[in-house]
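Each remark here refers to the structure printed beneath this line.
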Amino acid sequence: MGRPKSESKPVAGFGALVQTMRHTLQETGIARGVQNLRHVNQDSGFDCPGCAWPDPEKRSLAEFCENGAKHVAHEATRKRIGAEFFASWPVSKLYQQSDHWLEQQGRLTEPLCKPAGSDYYERISWEDALERLAVALCELESPHEAVFYTSGRTSNEAAFLYQLFAREFGTNNLPDCSHMCHESSGTALTEVIGTGKGTVSLADFEHADAILILGQNPGSNHPRMLTTLQAAKRRGCKIISINPIRERGLVSFANPKELQGLLGRGTPISDLFLQIRVGGDGATLKGIMKELLEMEQRAPGIILDRVFIDHHTENFDDLQAHLQSLDWSEIETQSGLERAEIRAAAEIYATAKRVIACWAMGLTQHRHAVANIQDIVNLLLFGGNIGIEGAGVCPVRGHSNVQGDRTVGITQKPKPAFLDRLSEVFGFEPPRDEGLNTVDAIRAMQERRVKVFIALGGNFVAATPDTAYTEEALRQCKLTVQVSTKLNRSHLVTGREALILPCLGRTERDLQNDQPQFVTVENSMSVVHRSQGHLDPVSDEVRSEPAIVAGIARAVFGDASNTDWDAMRCNYDVIRERIADVVPGFDDFNARVSQSVGFVLPSGARTRAFETASGKAAFTKHPLHRLEIEADQYLLMTIRSHNQFNTTIYGLDDRYRGVHGDRHVIFMNERDIAERGFHEGQALCITSHFRGETRSLSGFRIFPYALPSRCTAAYFPEANGLVPLGSTAEKSHTPTYKSIVVTLDPVS
Ligand code: SF4
């Protein structure tokens with residue numbers, strides 16, 4: 001199996017410093033750049049608009065990573081675009097540009113409208129824009145003909161107003177980007193431990209004896225996590241990484257905040273790297289548990305925390321019998337591992353008293369994601385590794401407030417208790433029927449059951465699967481509206497009429513009635529904390545997300561609403577008071593969030609008071625799924641480069657993987673390349689196969705990489721067109737971006 005030349009070279013180091021300075025210089029210049037970086041993730045500063053890795057209580061001067069610096073620089077760029085730019089760029093021509101080029105054009109400075117039949121965006125006043133939107137909504141035969149999409153960058157305050165507006169308007173059509181990422185985590189965890197969130201704090205990483213990292217690439221997607229892992233390693237904690245790709249960030253980390261790190265000396269991260277085949281997580285976890293049960297048989301009381309199992313769990317015996325019935329050779333085949341490798345992982349687990357399991361989309365975007373995540377919980381419950389210091393589950397969110405948005409009501413299936421409180425506090429009867437999730441919303445647009453699509457942030461058309469189908473669906477709409485900071489592909493795939501409403505970024509000062517406002521976010525560890533920008537807004541014509549939502553509500557409801565939208569727009573403390581009235585755990589919100597570190601939302605699972613029907617954590621048994629492919633087929637997973645944040649492309653290099661200047665590449669095992677008579681750089685047509693349907697994308701050049709045989713990878717979102725809309729995870733309906741069956745043909 002081939003190995004890229006630089007695989008063992010530590011990530012970050014001096015290179016991270018160089019990239020941070022390069023992007024900062026390029027986008028903001030030194031003065032503005034340094035001023036910005038001084039405020040990111042600081043007590044009185046703003047929250048990084050990147051991932052949701054938490055900030056330590058004691059902040060360092062430079063409390064950001066290379067990618068955080070990129071997120072901040074690109075949002076605070078000096079480049080601006082408005083009506084003048086769009087006057088010279090027809091939408092059809094903009095559509096032909098790359099996502100990277102679109103990202104480079106700059107911040108949106110004024111509201112824009114693309115009238116029906118026109119190929120151009122033109123300036124529109126805020127009043128007219130909100131009026132057009134209101135007319136379109138009020139003309140609908142049913143409120144369910146509208147969809148209100150949310151991206152994970154949206155603050156708690158804006159998200160709460162948005163769900164309030166949609167529900168007062170009469171629908172629960174509130175899909176969000178979590179449907180594409182950690183929905184599987186929420187669904188799996190809620191069923192077995194009674195909460196959809198992680199149960200650990202950052203401090204728990206200081207006490208763990210072992211950390212499992214599954215389907216996650218922290219080196220690029222949660223880089224400050226490496227500092228936490230480095231500290232754990234130095235304490236003697238053991239780290240097991242489970243991933244089809246030997247990501248360099250899981251091999252070695254050179255901390256750029258340390259001299260030796262700047263000199264390129266790295267700290268080894270993984271003690272054991274299990275390079276599984278695509279989709280091999282479930283088999284690997286079952287194998288580790290089966291090995292542990294055999295160890296327990298040989299030395300009773302060594303592995304299983306019987307006291308915990310007897311008092312705090314249910315269904316252990318069923319699972320034990322199931323695991324004992326499994327066949328080792330099938331486990332080896334489906335995991336892509338040798339039994340000895342699995343045993344090595346079991347031995348590390350067996351010697352650890354406190355174990356944390358972390359995961360990301362490499363786990364959540366598979367057909368059996370929910371079952372696999374529940375197998376992680378099964379494994380942790382074996383040793384009582386939940387609800388104690390140094391142990392627990394840690395789904396690491398990839399968007400700074402994707403968890404917070406859900407907490408304050410962004411969901412298509414709200415709990416009845418939440419709707420009851422909303423009704424009590426705001427005096428209207430909210431809709432009770434389940435709304436549309438992201439996949440269903442796309443189908444409903446295609447079938448013209450949805451006519452108005454509104455997106456609060458994000459890049460819907462790029463983030464979603466089945467690109468050609470999704471684009472066609474959006475074009476069926478009467479009106480599409482994007483609330484955005486920068487130009488992206490979703491502005492170019494529009495309904496008959498389209499609006500762009502420019503909003504403030506995280507880095508910018510938000511004045512309402514000349515009073516500075518702050519917003520709040522919730523990180524992966526359920527810490528709610530404040531974020532306050534300090535830069536002058538890019539223009540007087542941009543508005544904050546809460547102000548935009550309140551403006552839409554005023555335009556739609558006029559004086560017919562009992563909700564005091566203006567009071568909430570003028571002072572976000574009022575929004576937080578309403579959140580405290582409606583959402584459990586936010587009592588005294590304004591006072592508590594004024595503390596620099598914020599506060600942790602309560603969760604029974606953190607103290608073993610599981611909020612399940614039985615009050616116990618549930619062991620669950622899941623079949624050993626067989627992921628089989630034909631002789632001429634491969635498994636493909638979509639991945640992110642080190643130079644992107646979700647759909648935002650900062651550059652064409654992916655330096656940790658050795659890819660330069662290209663995003664249309666297919667990573668492929670060297671032996672597989674040779675067997676097909678292919679060669680490095682050769683252009684291929686990739687065709688996905690799903691229930692008799694095929695989807696093809698051409699022009700992906702072969703890049704030899706250390707992958708298991710018959711496993712390949714290509715970049716998200718370029719390869720999203722291969723992901724069938726119908727190919728989703730059981731129960732959570734998350735698209736299966738991480739395992740698609742494909743065939744490869746040379747492009748003639
Ligand atoms: S680790 Fe995530 S939140 Fe922290 S600075 Fe980097 S991108 Fe931002």
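The values are calculated or read from the model by the stated rules, or taken from the named source; none is laboratory data. Predicted, not measured: the structure shown is a model, and the values here were computed from it. No Cβ is skipped: glycine too gets one built from the backbone with ideal geometry, and neighbour counts run over all protein chains shown. Calculation scope for accessible area: heavy atoms of the full protein, side chains included, ligands and nucleic acids excluded. Shrake-Rupley method; radii C 1.70, N 1.55, O 1.52, S 1.80 Å.
Side notes on the structure shown:
- Of all the numbered requirements in (1) under 30 Å from Gln42 (Cβ atoms); (2) of a type outside the set (A, V, I, L, M, F, W, C); (3) surrounded by fewer than 24 Cβ atoms within 10 Å (Cβ to Cβ), Glu497 misses one, and that requirement is (1).
- Of all residues in the stretch 355-371, those that are open to solvent by 10 Å² or more (accessible area, probe 1.4 Å) and in contact with a strand residue (DSSP E or B) (Cβ under 8 Å, 6 or more places away or on another chain) total 2.
- Wholly enclosed strands (runs of 3 or more DSSP E) of the stretch 668-748 bearing at least 1 residues under 30 Å from Gln446 (Cα atoms) and in contact with a Phe, Trp or Tyr (Cβ under 6 Å, 6 or more places away or on another chain): 683-690, 711-715, 740-746
Conditions (1) in contact with a Pro (Cβ under 8 Å, 6 or more places away or on another chain); (2) open to solvent by less than 10 Å² (accessible area, probe 1.4 Å); (3) in contact (Cβ under 8 Å) with a residue 24 or more places away in the chain; (4) of a type in the set (Val, Ile, Thr), marked per residue:
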| site | (1), (2), (3), (4) |
| --- | --- |
| Gly392 | no, yes, yes, no |
| Glu434 | no, no, yes, no |
| Gln446 | no, no, yes, no |
| Thr464 | yes, yes, yes, yes |
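- Any hit, the stretch 49-68, residues being within 18 Å of Phe645 (Cβ to Cβ), out of contact with any strand residue (DSSP E or B) (no Cβ under 7 Å at 6 or more places or on another chain), assigned to a loop (DSSP other than H, G, I, E, B) and away from the ligand (no atom under 12 Å from the Cβ): no
- Pair list, Cβ < 7 Å and 6+ apart or interchain, from the stretch 622-636 residues that are in a loop (DSSP other than H, G, I, E, B) to residues that are open to solvent by less than 90 Å² (accessible area, probe 1.4 Å) and acidic (Asp, Glu): His622/Asp375; Leu624/Glu330
- Residues within the stretch 110-135 that are of a type in the set (Gly, Ala, Ser) and either open to solvent by 10 Å² or more (accessible area, probe 1.4 Å) or assigned to a strand (DSSP E or B) (or both), tallied: 4
- Looking across the stretch 195-249 at every residue that is basic (Lys, Arg) and over 23 Å from Phe64 (Cβ atoms), the one that is farthest from the ligand (Cβ to nearest atom) is identified as Lys238.
- Sole exception among (1) in contact (Cβ under 8 Å) with a residue 60 or more places away in the chain; (2) away from the ligand (no atom under 16 Å from the Cβ); (3) of a type outside the set (Gly, Ala, Ser) for Glu258, by number: (1)
- Test result for Glu168, assigned to a helix (DSSP H, G or I) and open to solvent by 10 Å² or more (accessible area, probe 1.4 Å): yes
- Residues within the stretch 675-713 that are open to solvent by less than 20 Å² (accessible area, probe 1.4 Å) and within 22 Å of Thr333 (Cα to Cα), tallied: 7
- Enumeration of residues in the stretch 85-109 that are in a loop (DSSP other than H, G, I, E, B) and either open to solvent by less than 30 Å² (accessible area, probe 1.4 Å) or within 12 Å of the ligand (Cβ to nearest atom) (or both): Pro90, Gly106, Thr109
- Number of the condition not met by Ser727 [criteria: (1) in contact with a His (Cβ under 8 Å, 6 or more places away or on another chain); (2) in contact (Cβ under 8 Å) with a residue 60 or more places away in the chain; (3) surrounded by 20 or more Cβ atoms within 10 Å (Cβ to Cβ)]: (1)
- The lone criterion from (1) within 16 Å of the ligand (Cβ to nearest atom); (2) closer than 20 Å to Gln482 by Cα left unmet by Gly82 is number (1).
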